[in-house]
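This report refers to the structure that appears directly beneath it.
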Amino acid sequence: MRPTRPSNSLIDAVGIVAILQKPGGSELLLQKQFRPPIDKICVEVPAGLVDEGEDAETCAVRELKEETGYVGKVIKGDLGVTPVMYNGKLDPDKDVTAIAQICCSTDPGFCNTNLQMVHVHVDMSNPDNQNPKPELEENEFIECFSIPLKTLYAECKKLESEGYAIVRRRSCFQRALLTVPSFRTREYLRWLKA
């Protein structure tokens, strides 16, 4: 059990699906970060713990700025913030629209951590996003990069073949892929389930 959840919050953390709006097309912002429990460098979306008094949206915007240097805005509507997420399974034979609600956190059989995924758009014409500078804590070592949504699947497979651990916060990849209708295929869904 994680005893550090803020007293006024239903969630421990947020995962941030940050879409960079670039001239050549939309890209998903990712990070490389060493994770001692698995002794590997992981490829994952920006994420962070909720502070006392924060909601998911406020935490996501703060963590995005701290970890990546980017300034973004949470999208409005149903895709902005997911319901609270725990562990779950993806069934590629079911309705694709349910993917945004797939649970993706730690197995609730082992602990009670949870999160909400927050979808953020990053306007690359904003001067603050021209040369982003992360505000990392002393013990954080994070490398940011982005992948075009149209090549996300192939690029993640390539990173995996190079020895990186692709963090299966399934929802982040699903939400990014769902923004591009041509990616709504069973092949991609099966990869996300793996």
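Every number here is computed from the coordinates shown, using simple stated rules; none is lab data. Everything quoted here is computed from the prediction, not taken from an experiment. Note: ideal-geometry Cβ built from the backbone for every residue, glycine included; neighbour counts use all protein chains shown.
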* Order these peptides, 8-20, 46-58, 135-147, 69-81, by their mean beta-carbon neighbour count within 10 angstrom, highest first. => 8-20, 46-58, 69-81, 135-147
* What residues of the stretch 51-66 lie in the reach of a label at ASP128, counting those whose backbone N is under 12 Å from a point 7 Å from the Cα along Cα→Cβ? -> 61-66
* Structure fact -> GLU52 and LYS73 label points (each 7 Å along its Cα→Cβ direction) are spaced in nm at 3.2 nm
